[in-house]
Amino acid sequence: MKEHFRSRTAAMATVCALIVPSSSFGATAENVILMISDGASWGTVDMASYWEFGEKGRQPYDGFSVKLGMTTEPYSEPQQVYDPDTAWDTTPTGDEDYFAGYKTIKQGSTDSAAAGTALSTGVKTSNGRISSDPEGNALPFITQEMKASGRSTGVVSSVGFSHATPAVFGAQNERRNDYHAIANQMINEGTLDLIMGGGNPNFGDNGQLLGTPEYNWLSEEDWAAVNAPDGPMTLIQTKTDFEALADGSLEVDGRLIGLPEIRETLQASRDPFTTPLDPNAPGSPNLGFPVGHEMLPNVPTLATMTTGALNHLGKDEDGLFLMVEGGAVDWMAHANATGRVIEEQIDFNHAVGAAVDWVTEYSTWEETLLVVLTDHGNGAPMGPNSDKIPFEPIQNNGQGNLPGVLWHSGNHTTENTLLWANGAGSEEFLDMIVGQDPYLTSILGFNDGSYIDITGVNPAIRNAAGLATPTPVPLPAAGWLLLVGVGVLAGLRRSGLASRP
Ligand SMILES: [Zn+2]
């Protein structure tokens, strides 16, 4: 099935061939799982693979049937549009940017609010907006449509649950930092059946109990409400409960909110914060972890949260919609904290693995669509000599060793990012292709260069899930002829006028 995702004409040829038998093609996705590694540049994806496996190609999404580039520019006037040749321009600049392409991708980037809004609504908006347009007007978002279709819905994040990316799938607000109002809508509006993420007011960055609660990510009133026996949602906090939800020994009726015993992010803010760690430095206590020391023992992994969420929502016969975010990849990329970026990306990769396992065990690819992407690049990490060699890839130093990397920014980029999709309706993404970026092939070796814009994800998912009338696909003349040909042929066979070749 993989080969024919190469180009539209090839896809068309395959369309006809597939009119005969095909399982997930054209199937409706009852279950949709959207997984976002926030701020994961292509170099970040490679770093995690090199550290964990010593090679690329071993990630759960590497075998997915759809691989596309995805551009992420936010709303702007005039609208900035991605251009491969300027984004990958190797002309030396003679300044701290080194090459023209580096300078290009550092300008005009999106934040996670605008990128998330493009994903949840299909509309480009200004930075800072939560499912609202550039003027601040609320926009309908996909979770509402999924809920209205009878599916169960949820968001899971490794950072604050009312932070930008989970927020756009559960609230509308013209200001991303209006956390209390965002949390209030997520908890009380009823669009979400499940919320998991950071933000527990009683715990610090190392999982320690605080003397005085801190209401950063939700208000004191909403915290009291979710702690009340008849509150709007059932609260779980302990690692034990998250693991019990994941192994099925704990079942919760109704709406569920899971806030682990941590301030705002699972592991990335734990002490000591060393960036970057030199693995060969004397006294590096434990090289089993990219940053050289153990994880906090009292918080679940993103994989455990993902499995628990799928178990909870998967009870619904009408299907589910779940967004899972690896949010601290972005936080650590801003800090150019190589070891922590790797930890966070690996945690995300394992969560994707958990989702694939859930599909295999409790569902099928004929009824489930799984999409893996980032919302924008961050830090432009490349090879250690990429100040001299344009777009040099990350240097592989083997399994368990920090890879060689040079960070070119502490902020988001407009680089072409990587998207993977698999299962029911995944072919809908092909209809959103807006251009060809040959460097995705020549430099990254990722795909045939085809890419979509971030605003194409929403209609592709809606088409796959049968939410809205599928966007009409302008079939080129050749396609119609082929279809007619197949139809006539089938007719002749039925009438016995044509014998099998
Ligand atoms: Zn960011």
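The values are calculated or read from the model by the stated rules, or taken from the named source; none is laboratory data. Small disclaimer: the values here were computed from a predicted structure and weren't measured. As a convention, Cβ positions derive from the backbone with ideal geometry for all residues, glycine included, and neighbour counts pool all protein chains shown. For accessibility, only protein heavy atoms count, side chains too; no ligands or nucleic acids. Shrake-Rupley method; radii C 1.70, N 1.55, O 1.52, S 1.80 Å.
Pairs only if they're at least six apart or on different chains, beta carbon under 6 angstrom, first in the stretch 409-425 and over 21 Å from GLY63 (Cβ atoms) and among the polar types (S, T, N, Q), second within 13 Å of the ligand (Cβ to nearest atom) and open to solvent by 10 Å² or more (accessible area, probe 1.4 Å); list them, first residue then second.
THR413/SER109; THR414/SER109
Of these, GLU135, GLU145, GLU73, GLU77, which one is modelled with pLDDT of 95 or more and under 26 Å from HIS334 (Cβ atoms)?
Values: GLU135 fails: under 26 Å from HIS334 (Cβ atoms); GLU145 fails: under 26 Å from HIS334 (Cβ atoms); GLU77 fails: under 26 Å from HIS334 (Cβ atoms).
Result of the check over GLU135, GLU145, GLU73, GLU77: GLU73.
So which pairs qualify, if the first residue must be in the stretch 330-346 and open to solvent by 10 Å² or more (accessible area, probe 1.4 Å), the second must be among the hydroxyl-bearing types (Ser, Thr, Tyr), the Cβ gap must be under 6 Å, and the two must be at least 6 apart or on different chains?
Cβ pairs passing all conditions: ALA335/THR275.
Filter the stretch 386-401 down to residues that are at pLDDT below 95 and at positive phi and give me whichever is surrounded by the most Cβ atoms within 10 Å (Cβ to Cβ). Steps first, please.
Going residue by residue through the stretch 386-401, those that are at pLDDT below 95 are 397-401.
Among the residues that remain, those that are also at positive phi are: 398, 400.
Numbers: GLY398: 11, GLY400: 15.
In this case the residue turns out to be GLY400.
Is it fair to say THR165 is β-branched (Val, Ile, Thr) and assigned to a loop (DSSP other than H, G, I, E, B)?
Details: β-branched (Val, Ile, Thr): yes; assigned to a loop (DSSP other than H, G, I, E, B): no.
Against the criterion (β-branched (Val, Ile, Thr) and assigned to a loop (DSSP other than H, G, I, E, B)), THR165 does not qualify.
Go over the candidates PRO290, PRO229, PRO285, PRO276 one by one and state the one that is surrounded by fewer than 17 Cβ atoms within 10 Å (Cβ to Cβ) and modelled with pLDDT under 90. Working first, answer last.
Working: PRO290 fails: surrounded by fewer than 17 Cβ atoms within 10 Å (Cβ to Cβ); PRO229 fails: modelled with pLDDT under 90; PRO276 fails: surrounded by fewer than 17 Cβ atoms within 10 Å (Cβ to Cβ).
Going through PRO290, PRO229, PRO285, PRO276 in turn, just one is surrounded by fewer than 17 Cβ atoms within 10 Å (Cβ to Cβ) and modelled with pLDDT under 90: PRO285.
Could you list, in sequence order, the residues of the stretch 227-245 that are without any contact (Cβ under 8 Å) to a residue 24 or more places away in the chain and among the charged types (D, E, K, R)?
ASP230, ASP241 - these are the residues of the stretch 227-245 that are without any contact (Cβ under 8 Å) to a residue 24 or more places away in the chain and among the charged types (D, E, K, R).
Where residues in the stretch 183-203 are aliphatic (A, V, I, L, M), in contact (Cβ under 8 Å) with a residue 40 or more places away in the chain and in contact with a Gly (Cβ under 8 Å, 6 or more places away or on another chain), which of them is farthest from THR238 (Cα to Cα)?
The first filter runs over the stretch 183-203 and keeps only residues aliphatic (A, V, I, L, M), leaving 183, 186-187, 192, 194-196.
Still in the running and in contact (Cβ under 8 Å) with a residue 40 or more places away in the chain: 187, 192, 194-196.
Narrowing the set further to residues that are in contact with a Gly (Cβ under 8 Å, 6 or more places away or on another chain) leaves 192, 194-196.
Working: LEU192: 21, LEU194: 16, ILE195: 15, MET196: 12 Å.
Among those that are aliphatic (A, V, I, L, M), in contact (Cβ under 8 Å) with a residue 40 or more places away in the chain and in contact with a Gly (Cβ under 8 Å, 6 or more places away or on another chain), it is LEU192.
Pick out the one residue from GLY383, GLY319, GLY327, GLY314 that is open to solvent by 10 Å² or more (accessible area, probe 1.4 Å) and not basic (Lys, Arg).
Details: GLY383 fails: open to solvent by 10 Å² or more (accessible area, probe 1.4 Å); GLY319 fails: open to solvent by 10 Å² or more (accessible area, probe 1.4 Å); GLY327 fails: open to solvent by 10 Å² or more (accessible area, probe 1.4 Å).
Going through GLY383, GLY319, GLY327, GLY314 in turn, the sole match is GLY314.
Return yes or no: is THR417 under 17 Å from SER109 (Cα atoms), touching a Lys or Arg at 6+ places or on another chain (Cβ under 8 Å) and crowded, with 24+ Cβ neighbours inside 10 Å?
Values: under 17 Å from SER109 (Cα atoms): yes; touching a Lys or Arg at 6+ places or on another chain (Cβ under 8 Å): no; crowded, with 24+ Cβ neighbours inside 10 Å: yes.
When the stated conditions are applied, THR417 does not pass them.
Quick one: count up the residues across the stretch 104-128 that are touching a Lys or Arg at 6+ places or on another chain (Cβ under 7 Å) and either of a type outside the set (Ser, Thr, Tyr) or within 11 Å of the ligand (Cβ to nearest atom) (or both). Talk me through it step by step, then tell me what you get.
Taking the stretch 104-128 first, the residues touching a Lys or Arg at 6+ places or on another chain (Cβ under 7 Å) are 113-114, 117-118, 128.
From what's left, either of a type outside the set (Ser, Thr, Tyr) or within 11 Å of the ligand (Cβ to nearest atom) (or both): 113-114, 118, 128.
So the count comes out to 4.
Residues in the stretch 303-349 that are touching a Lys or Arg at 6+ places or on another chain (Cβ under 8 Å) and within 16 Å of the ligand (Cβ to nearest atom): how many?
Within the stretch 303-349, residues that are touching a Lys or Arg at 6+ places or on another chain (Cβ under 8 Å) and within 16 Å of the ligand (Cβ to nearest atom) number 2.
Collect the residues in the stretch 121-136 that are within 14 Å of SER76 (Cα to Cα) and open to solvent by less than 20 Å² (accessible area, probe 1.4 Å), keeping them in residue-number order. Talk me through it step by step, then tell me what you get.
So in the stretch 121-136, the residues within 14 Å of SER76 (Cα to Cα) come out as 123-129, 133-135.
Within the stretch 121-136, THR125, GLY128 qualify.
Can you name every residue in the stretch 21-40 that is modelled with pLDDT of 95 or more and open to solvent by less than 20 Å² (accessible area, probe 1.4 Å)?
The initial filter retains those residues of the stretch 21-40 that are modelled with pLDDT of 95 or more, namely 29-40.
Once the filter is applied, which keeps residues that are modelled with pLDDT of 95 or more and open to solvent by less than 20 Å² (accessible area, probe 1.4 Å), the stretch 21-40 yields ALA29, ASN31, VAL32, ILE33, LEU34, MET35, ILE36, SER37, ASP38, GLY39, ALA40.
Taking GLY43, is it buried (at least 24 other Cβ atoms within 10 Å of the Cβ), part of a loop (DSSP other than H, G, I, E, B) and not charged (D, E, K, R)? Give the derivation first.
Details: buried (at least 24 other Cβ atoms within 10 Å of the Cβ): yes; part of a loop (DSSP other than H, G, I, E, B): no; not charged (D, E, K, R): yes.
Here the answer is no, as GLY43 does not meet what is asked.
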